[in-house]
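The values are calculated or read from the model by the stated rules, or taken from the named source; none is laboratory data. Quick caveat, the model's predicted, so the values are computed rather than measured. Methodologically, a virtual Cβ is constructed for each residue, glycine included, from the backbone with ideal geometry; neighbour enumeration extends over all protein chains shown.
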Amino acid sequence: MFPLKNIIFDLGAVLIDIDYKKTEQAFIQLGYYNFEQMYSQYGADKLFEKLETGRISNADFYKTILALNNNVNTAFEIKDAWNKILLDWRAESLDFLETIAPMYKLFLLSNTNAIHKTAFLASLKKETGRNIIDNLFIKSYYSHEIHLRKPNDDIFEFVAKDANIKKEESLFIDDSYNNIETAKKLGFKTHLLLPTERIEDLKYELF
């Protein structure tokens, strides 16, 4: 049994509440009736993969997705629908990170994109008074900034090497089973965070 030294946290549904259905319904109302096939908790088509790995600009993303619906919508409507996924921050969970920072090395690993990052940082300030969350971690890894995306093996290998941590001493917490399965296969300790759970309720000494 290897001692736990590092904890890697997901962002959505771990530190901030999210709702995929709200974004799906918003896009359906705009005329994107197959949106669930384009983007969901467990998968993304090529366009959204490019967005979440930083391989397409915001402007080109809007241009491409507008064209899919014959340009009957506006970029503002697309941004608004896309940001519907973001709900409230879990302020108590953020505070909890500060209490365990002396005991473990903390990292953030999130599939996200530049549009959502702008939105969630704005809501972070409004809801919690915090300007950033990166100072709660040794390092934050955002998919669109490192050009890698969960659940692919390479993003977990990249984080382990870049952070100089041993997988068997590192706990990965995420709300998506496919991400958990990849991390577990590669040798990380893992915990699938259920909708009813909060990170402050877990027994870290048992990992």
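A few remarks follow.
Residue-wise test of (1) touching a Leu at 6+ places or on another chain (Cβ under 7 Å); (2) closer than 30 Å to Asp45 by Cα.
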residue	(1), (2)
Leu106	yes, no
Ser123	yes, yes
Arg130	yes, no
Asn152	no, yes
Lys167	yes, yes
Leu171	yes, yes
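- Count of segment 50-66 residues which are touching a residue at least 40 places away in the same chain (Cβ under 8 Å) and closer than 17 Å to Tyr32 by Cβ: 2
- Residue within segment 46-53 that is under 28 Å from Pro151 (Cβ atoms), in a helix (DSSP H, G or I) and polar (S, T, N, Q) present: no
- Candidate set: segment 171-203, residues that are in contact with a strand residue (DSSP E or B) (Cβ under 8 Å, 6 or more places away or on another chain) and over 24 Å from Glu92 (Cβ atoms); chosen: the one surrounded by the most Cβ atoms within 10 Å (Cβ to Cβ): Ala183
- Being at pLDDT 95 or above and surrounded by 19 or more Cβ atoms within 10 Å (Cβ to Cβ) holds for only one residue in Gly12, Gly54, and it is Gly12.
- Some residue of segment 32-46 being in contact with a Lys or Arg (Cβ under 6 Å, 6 or more places away or on another chain) and in contact (Cβ under 8 Å) with a residue 12 or more places away in the chain: no
- Some residue of segment 67-89 being assigned to a helix (DSSP H, G or I), under 30 Å from Lys189 (Cβ atoms) and outside the structural domain of Leu192 (by TED's automatic domain parsing): no
- The number of residues in segment 74-116 being more than 19 Å from the chain's Cα centre (by Cα) and not charged (D, E, K, R) comes to 10.
- Lys150 vs. criteria surrounded by 17 or more Cβ atoms within 10 Å (Cβ to Cβ) and in contact with a helix residue (DSSP H, G or I) (Cβ under 6 Å, 6 or more places away or on another chain): yes
- Selected residue (only one of Ala122, Ala59 is among the small types (Gly, Ala, Ser), loosely packed, with under 15 Cβ neighbours inside 10 Å and not assigned by TED's automatic domain parsing to the domain that holds Ile155): Ala59
- The sole residue among Gln37, Gln41, Gln25 that is modelled with pLDDT of 95 or more and among the polar types (S, T, N, Q) is Gln25.
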